[in-house]
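*Asks:* I'd like to ask you about the structure that follows.
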Protein chains: 2
Amino acid sequence: VTAAGSARWWVDGVASVGVPADDRGLAYGDGVFETMAVVGGHVRLGAFHLERLQHSCARLGIPLDETVVVREVRERAAALGHGVIKLILTRGSGPRGYASPRDARPRRMLTAIPREPAFAALSDVPIAVRVCATPISINPVLAGIKHLNRLDQVLARSEWDDRAVADGLMLDDQGNVVCATAANVFAVLEDDVLVTPAVDRAGVAGVMRRAVLGLAESCGFAVRVGALPLPELCRARGILLSSSLTGLRDVAVLGDEQVPVSACGDRLRMALARSFEVTR
Amino acid sequence: VTAAGSARWWVDGVASVGVPADDRGLAYGDGVFETMAVVGGHVRLGAFHLERLQHSCARLGIPLDETVVVREVRERAAALGHGVIKLILTRGSGPRGYASPRDARPRRMLTAIPREPAFAALSDVPIAVRVCATPISINPVLAGIKHLNRLDQVLARSEWDDRAVADGLMLDDQGNVVCATAANVFAVLEDDVLVTPAVDRAGVAGVMRRAVLGLAESCGFAVRVGALPLPELCRARGILLSSSLTGLRDVAVLGDEQVPVSACGDRLRMALARSFEVTR
């Protein structure tokens with residue numbers, strides 16, 4: 001039995017606290033990760049997490065032993081009940097130098113973090129967010145995937161330490177909003193147009209973002225995926241943040257400004273909740 | 001005694017092979033590194049490595065215990081004799097999430113890699129390089145420092161596997177040459193103008209680059225640090241690659257094209273060799 005709040009690690013399936021110092025995940029961030037909400041012993045949006053993992057590994061050329069990963073995640077989720085599972089998959093150990101070793105054996109690290117059941121609920125409590133000064137890193141080859149190069153998010157997150165601020169928006173080099181440090185962003189415009197930034201130059205293609213995009217039209221929204229300049233976001237009828245762990249949250253405060261909370265969040269959350277029941 | 005070719009690791013000064021799985025260097029690439037040539041028991045350009053480490057840590061907000069790091073590197077260099085010391089400094093362990101823990105204790109990993117003495121010599125054998133398709137990541141806040149987010153270099157380096165190609169040039173989003181995967185780039189233009197790309201949006205400010213810039217004027221060069229579009233590089237009288245480990249090398253082949261090898265490389269290498277004798 002693990003105490004609430006503490007985290008255990010398994011490395012390649014073996015209970016462990018350590019990773020070899022020559023792992024390329026440490027040396028270069030040469031790997032990917034997934035952070036998954038576990039509800040009632042099951043990974044929420046598990047199929048989307050797996051598909052993104054497949055896509056991320058393919059993009060980086062890291063072989064994925066899908067059967068082993070899926071089995072391990074399922075077993076740990078069942079044992080955990082409610083909480084968070086984080087999976088890291090790196091290219092494995094290698095000698096110094098950027099060249100990937102031909103015989104690299106990917107290494108996987110998994111941690112299960114117990115939480116209150118409410119954690120993974122779909123919260124309808126509006127949040128406050130800020131705009132970060134740290135820009136997001138631009139690289140079309142890395143955009144969208146959930147790789148381990150996350151220093152821009154770390155620096156952006158270090159800009160505040162007020163617990164009342166839930167997250168911070170990150171802009172690209174042209175002043176477009178790309179995402180929050182740990183969430184994707186949606187703007188609700190006039191006539192129920194739902195806009196979310198493209199993640200083809202920067203940002204992560206979140207699994208909850210994908211879930212929202214998948215059911216938005218059936219909820220009566222027109223969807224636009226593309227550039228979202230900050231001034232356009234500020235004029236929106238509503239702003240929403242999506243993440244695998246925290247669901248879809250309304251933004252009530254952006255920086256020093258109040259933001260209207262539309263009914264659209266409720267509409268989408270109800271549809272999400274129904275889809276979770278079905279897909280689980 | 002360590003066998004040639006094998007690497008030992010020390011974690012926080014203790015001989016070890018493992019790093020805790022919750023290290024933020026692994027989770028997010030939240031740390032920095034230095035790769036240092038060791039010649040005759042001393043780190044070459046040690047003062048420049050230390051200053052870059054200080055600067056990189058300051059930029060990321062990672063406290064640096066300089067006394068401990070310098071002492072450890074000196075001791076390991078003396079024991080190694082000839083070879084490479086790689087030092088990784090991360091923000092240390094932390095719970096899940098981008099927010100840096102207030103009580104984070106930085107962790108340092110050091111490895112000493114024995115090599116032939118000739119390895120760290122200033123080679124005057126011209127090399128072949130290519131132009132990589134993988135663009136370099138753009139982020140002014142991260143540019144210049146030697147942090148652990150190096151997936152763009154890893155992917156660029158994975159584009160070739162021909163041992164005859166020594167390195168690959170990486171371009172930014174505007175087609176400017178920024179650096180090679182593991183070296184900085186210099187172009188020699190007419191009238192002994194030495195150009196190297198600025199590293200204020202992308203790239204690493206190499207210690208050998210700094211050494212070359214420091215003595216270029218005394219060697220009769222006019223120096224320009226700024227944009228270097230690929231076509232301008234291709235028209236250059238000479239192309240040079242600098243790195244802490246391999247010194248300053250002439251480029252004789254760029255992609256499918258022969259590149260003229262100027263006498264400028266020899267001039268700069270002689271000045272570098274003299275400065276190493278003095279500064280050691």
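The values are calculated or read from the model by the stated rules, or taken from the named source; none is laboratory data. Bear in mind the structure is a predicted one, so any value in this text is a computation, not a measurement. Cβ atoms come from the backbone with ideal geometry, glycine included; neighbour counts cover every protein chain shown. Ligands, DNA and RNA are stripped out before the accessible areas are found, and what is left, the full protein with its side chains, is counted by its heavy atoms. Shrake-Rupley method; radii C 1.70, N 1.55, O 1.52, S 1.80 Å.
*Asks:* Against the empirical 2.2 N^0.38 Å scaling, what ratio does the C-alpha Rg of region B:189-280 come to?
*Replies:* On the way: Rg = 13.0 Å, N = 92, 2.2 N^0.38 = 12.3 Å.
Relative to the rule-of-thumb radius for its length, region B:189-280 sits at 1.06.
*Asks:* Follow-up question, since we're still on this one. Just the C-alpha atoms of chain A: what Rg/Rh do they give, with Rh taken as the Kirkwood radius?
*Replies:* 0.97
*Asks:* List the residues whose amide H sits under 5 Å from the amide H of B:G203, counting only those 5 or more places along or on another chain, with H placed 1.01 Å from N in the peptide plane.
*Replies:* For B:G203, whose amide H was placed from the backbone, the distant partners under 5 Å are B:G144.
*Asks:* Further, regarding this structure: Report, please, the projected area of region A:1-140 averaged over directions, based on the convex hull of its C-alpha atoms, in nm².
*Replies:* Working: hull surface 42.9 nm².
Taking the Cα atoms of region A:1-140, their convex hull projects to 10.7 nm² on average.
*Asks:* Going by amide H atoms built from the backbone, whose H comes under 5 Å of the H on B:R8, apart from near neighbours?
*Replies:* Result for B:R8 returns B:A112.
*Asks:* I would also like to ask the following. Divide by every residue of the protein assembly as shown the summed helix terms, -39500 (n - 2.57) for each DSSP H run of at least 4, and state the resulting mean residue ellipticity at 222 nm, rounded to the nearest 500 deg cm²/dmol.
*Replies:* Details: 14 runs with 146 residues, N = 560.
Calculated at 222 nm, the ellipticity per residue is -8000 deg cm²/dmol.
*Asks:* Give a residue-ordered list of calculated ³J(HN,Hα) values for region B:36-46 (Karplus: 6.51 cos²θ - 1.76 cosθ + 1.60, θ = phi - 60°; whole Hz; x for Gly, Pro).
*Replies:* Running phi through 6.51 cos²θ - 1.76 cosθ + 1.60 with θ = phi - 60° gives 10, 7, 10, 10, x, x, 10, 6, 6, 6, x Hz.
*Asks:* Which ³J(HN,Hα) values, rounded to whole Hz and listed in residue order, are derived for region B:246-252 from phi using the Karplus coefficients 6.51, -1.76 and 1.60 in 6.51 cos²θ - 1.76 cosθ + 1.60 with θ = phi - 60°, glycine and proline given as x?
*Replies:* Per residue, the Karplus-derived 3J(HN,Hα) values read 9, x, 10, 10, 6, 9, 10 Hz.
*Asks:* Moving to a separate point now. Which of the aspartates and glutamates could a cross-linker span from B:K146 if the Cα-Cα distance has to be under 16 Å and same-chain partners fewer than 8 positions apart are dropped?
*Replies:* A:D30, A:D152, B:D30, B:E34, B:E51, B:D200
*Asks:* Once the principal axes of the Cα atoms of region B:56-126 are found, what is the range along each, listed largest first in whole angstroms?
*Replies:* Here the spans come out as 47, 30, 20 Å, largest first.
*Asks:* Rounded to the nearest 0.05, what FRET efficiency do B:D173 and A:R71 give with R0 = 35 Å and r taken as the Cβ-Cβ distance? Could you check?
*Replies:* The pair B:D173/A:R71 has a calculated efficiency of 0.25.
*Asks:* Using amide H atoms built 1.01 Å from N in the peptide plane, name the residues 5+ places from B:G92, or on other chains, whose amide H lies under 5 Å from its own.
*Replies:* Distant-sequence amide H within range of B:G92: B:R24, B:G25, B:R107.
*Asks:* Now for a different question. Just how large is the dipole of the protein assembly as shown about the Cα centre, in debye to the nearest 20, putting +1 at every Lys and Arg Cβ and -1 at every Asp and Glu Cβ?
*Replies:* In total the dipole reaches around 1320 debye.
*Asks:* At 0.36 nm per residue, minus the direct Cα-Cα distance, what do A:D256 and A:R8 gain on full extension? Give it in nm, one decimal, please. Could the numbers behind the result be given before it?
*Replies:* Numbers: separation 248, 0.36 × 248 = 89.28 nm, distance 3.95 nm.
In short, 85.3 nm is gained.
*Asks:* May I pose another question? How large is the convex hull of the Cα atoms of region A:215-262 per residue, expressed in Å³ as a whole number?
*Replies:* Numbers: hull volume 5.0 nm³, N = 48.
Here the figure is 104 Å³ per residue.
*Asks:* Right, another one. Find how much the distance from B:L230 to B:S123 grows on full extension, using 0.36 nm per residue of separation minus their present alpha carbon separation; answer in nm with one decimal.
*Replies:* Here the answer is 36.0 nm.
*Asks:* Just to confirm a number: summing +1 for Lys and Arg and -1 for Asp and Glu over residues other than B:G206 whose beta-carbon lies under 12 angstrom from that of B:G206, what do you get?
*Replies:* Working: positive: B:R52, B:K146, B:R209, B:R210; negative: B:E34.
Once all neighbours under 12 Å are counted, the net charge is +3.
*Asks:* Something else about it: Distance in nm between label sites at B:R210 and B:R274, each 7 Å beyond Cα in the beta-carbon direction?
*Replies:* 2.2 nm
*Asks:* Continuing with the same structure: Could you compute the net charge surrounding B:L241? Neighbours are other residues with a C-beta less than 9 Å from the C-beta of B:L241; K and R count +1, D and E count -1.
*Replies:* -1
*Asks:* Debye calculation, C-alpha points only, no solvent: report log10 I(q)/I(0) for region B:88-194 at q = 0.12, 0.19, 0.20 Å⁻¹, in the same order as the q values.
*Replies:* So the normalised log intensities are -0.64, -1.18, -1.22.
*Asks:* Over the Cα atoms of region A:140-241, compute the convex hull volume and normalise it per residue, giving Å³.
*Replies:* So the per-residue hull volume is 108 Å³.
*Asks:* Give the share of C-alpha pairs in each 20 angstrom bin for the protein assembly as shown, from 0 to the last occupied bin, in whole percents, shortest bins first.
*Replies:* In order of increasing distance, the bins hold 21, 52, 24, 3 percent.
*Asks:* While we're here: Of B:F221, A:F48, which has the most accessible area and how do the rest follow, probe 1.4 Å?
*Replies:* A:F48, B:F221
*Asks:* Could you compute the net charge surrounding A:Q174? Neighbours are other residues with a C-beta less than 12 Å from the C-beta of A:Q174; K and R count +1, D and E count -1.
*Replies:* Summing Lys/Arg as +1 and Asp/Glu as -1 gives -2.
*Asks:* Let me ask you something else. Please name which of B:T90, B:A216, B:P135 has its Cα lying farthest along the dipole of the protein assembly as shown towards the positive end, using unit charges on Cβ (Lys, Arg +1; Asp, Glu -1) and the Cα centre as origin.
*Replies:* Of the options given, the answer is B:T90.
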